[in-house]
Amino acid sequence: MANRVPSGPEGVPFLGSSLQYADDPLGFMERVAREYGDVARIDVYGQEVYQVTDPAAIRRVLVTNATNYRKPSLGGDEGLGGLLGDGLLTSDGDHWQRQRKAMQPSFYGEKLDGYGEIIVRDTTELADSFSDGEHTDIHAEMSELTLRIVVESLLGARIDGMERAIREALMEVGERFQPGPQGFVPEEVPTPRNVRYRRAVEKLDRILREIRRQHEYTGDEDDLLGVLLDRRDEGALSDESVRNEMMTMLLAGHDTTALTLTYAWYLLSKHPEVAERFHDELDSVVEGTPTVADLADLDYLDDIVTETLRLYPPAYVVYRQAAAADELAGFHVPADTIVSTPQWVVHHDERFFSDPWEFRPERWTDEFRRDLPPFAYFPFGGGPRKCIGDGFAMREAKLVLATLGTRFEFDLVSTASLDFVPLVTLHPANPVEVTVRAR
Ligand code: HEM
């Protein structure tokens with residue numbers, strides 16, 4: 001086995017590179033890759049992390065040697081695991097495996113086709129509420145829309161009138177996971193941030209109970225919540241575990257898709273030539289309201305979503321922890337090492353993408369897709385822990401863009417470029433204000 005030790009920034013005693021990381025996580029990850037290469041060693045928040053940006057090594061971590069790389073519980077109970085418990089995103093081992101198998105059918109095949117109608121109906125309701133010339137925050141609109149869609153599709157309930165409360169509570173929850181030591185002040189310590197967090201979680205739990213009550217009357221016993229409740233009745237799942245899966249769906253099932261849509265509208269507004277081709281394609285394919293069947297003929301729309309996920313990947317880094325020692329790209333990885341695989345860095349690597357900071361949907365030709373090394377592009381992760389909602393999310397993003405795009409354009413109110421705050425996912429630092437223009 002190789003005994004090469006990767007190099008990395010020196011950092012300062014005790015803090016390592018924590019301050020530089022907290023100041024600008026994205027810039028820091030880019031700089032580390034540029035200066036120290038495809039496997040680099042960094043020291044943040046008292047934790048040694050190997051940053052891996054070689055696609056073949058990433059594939060080894062996520063796929064071919066996945067059994068050696070578990071999900072680390074970063075921050076322990078104070079991290080995301082404290083909120084989502086044994087939900088699918090944060091659990092591991094046998095429980096995760098059984099749950100993944102039980103939940104998988106809700107995300108593929110016929111089930112997925114059925115969600116198309118809900119997506120278009122909810123999006124049409126939003127479109128009907130827009131008026132020409134109106135100003136709105138497109139990130140807030142997309143968050144509330146994707147919340148409605150995920151709750152209706154998977155949990156069999158309507159959340160009319162509660163969207164805003166849920167979105168705001170989720171934002172307060174998200175703040176706790178902002179990079180930086182302050183995020184991990186134990187939950188019991190009544191800092192203002194912790195108090196807001198606790199109240200927000202209580203509010204979300206009340207809403208989840210309300211969704212469950214509604215599901216008893218209106219839900220389908222075959223929808224995802226129906227499947228989870230069946231498992232509970234069989235004694236395979238506790239009530240607490242059902243709650244954890246519901247909370248996971250609320251968070252993982254809306255936030256990343258809302259960000260994808262927000263960034264897509266932002267990029268379309270900044271690139272009129274792309275927007276024109278987007279509208280031309282819609283006008284030639286869609287008659288009236290878009291359907292799932294139309295998606296097969298909307299190739300350019302697919303390129304737009306694919307390129308948006310490359311340029312601004314909502315999941316900008318994935319972490320794992322090595323159980324046993326391993327070798328990655330010629331470097332020795334000791335047991336217990338935390339490994340980070342940052343989409344943010346790899347998706348902007350000139351070795352794989354020419355003019356990587358340019359938004360260019362045209363680059364995604366069949367040939368380009370075929371020749372791209374595996375894991376040079378991995379917005380949904382990969383291997384056994386690959387996003388269970390990848391098909392759902394792609395379908396949703398495309399149908400929402402198509403449904404709104406046939407009727408509207410969104411002009412950015414400010415010409416300033418986007419600033420990001422990397423929370424658990426990559427958020428815009430400010431509201432993304434647009435003017436709604438009827439086409
Ligand atoms: C564009 C939208 C989305 C992006 C970019 C995204 C990204 C990801 C990534 C990168 C992972 C892997 C994390 C890891 O390996 O540590 C993941 C896992 C997961 N995602 Fe998504 N996701 C999206 C949409 C969705 C949707 C719509 C749902 C549910 C409806 C969802 C539910 C989940 C769940 C439950 C997991 C954990 C799966 C497991 O570990 O078995 N995601 N997602």
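Worth a mention:
- Listed residues SER354, SER106, SER73, most fluctuating in the chain (Gaussian network, C-alpha, under 10 Å): SER354
- Among the listed pairs LYS71/LYS101; LYS111/LYS398; LYS71/LYS398; LYS71/LYS203, those with a Cα-Cα distance over 20 Å are LYS71/LYS398; LYS71/LYS203.
- A Cβ-based charge dipole, computed about the Cα centre of the stretch 263-415 with Lys and Arg at +1 and Asp and Glu at -1, lands at about 680 debye.
- Rounded if a/c under 1.5, otherwise prolate or oblate - the stretch 144-270, Cα gyration tensor axes: oblate
- Per-residue Cβ neighbour rank within 10 angstrom, fewest leading, LYS386, LYS71: LYS386, LYS71
- Each peptide among 202-213, 409-420 gets the average number of other Cβ atoms lying within 10 Å of its residues, and from highest to lowest they stand as 202-213, 409-420.
- Across all Cα atoms of the chain, the radius of gyration (one decimal) and Dmax (whole number) stand at 21.6, 64 Å.
- Cβ-based exposure ranking for MET171, MET1, in which fewest neighbours within 10 Å come first: MET1, MET171
- In the chain, helical runs assigned H by DSSP with n ≥ 4 each contribute -39500 (n - 2.57); averaged across all residues and rounded to the nearest 500, the mean residue ellipticity at 222 nm is -15000 deg cm²/dmol.
- Summing Cβ point charges (Lys, Arg +1; Asp, Glu -1) relative to the Cα centre of the chain gives a dipole of roughly 1260 debye.
- The calculated Kirkwood hydrodynamic radius for the stretch 15-131 is 18.3 Å, given to one decimal from all distinct C-alpha pairs.
- For the stretch 229-376, alpha-carbon Rg over 2.2 N^0.38 Å: 1.39
- Comparing mean-square fluctuations of GLY381, GLY46, GLY235 from a GNM of the chain with C-alpha springs under 10 Å, the top value falls on GLY235.
- Taking a Cβ cut-off of under 15 Å around SER17, the surrounding Lys, Arg, Asp and Glu residues balance to a net charge of -4, with basic ones at +1 and acidic ones at -1.
- Between the residues PRO334, TYR115, LEU84, the greatest Cα displacement towards the positive end of the dipole of the chain, with unit charges on the Cβ of Lys, Arg, Asp and Glu, is found for PRO334.
- Cleavage-rule hits, chymotrypsin sites (Phe, Trp or Tyr not before Pro), the stretch 1-75, DSSP coil, Cβ neighbours within 10 Å at most 15: PHE14
- Full-extension gain in nm, LEU19 to ASP137, via 0.36 nm per residue minus C-alpha separation: 39.3 nm
Taken together, the values in this text are just the output of simple stated rules run on the coordinates, not laboratory data. Since the structure is predicted, the reported quantities are computational estimates derived from the model, not experimental observations. Methodologically, a virtual Cβ is constructed for each residue, glycine included, from the backbone with ideal geometry; neighbour enumeration extends over all protein chains shown.
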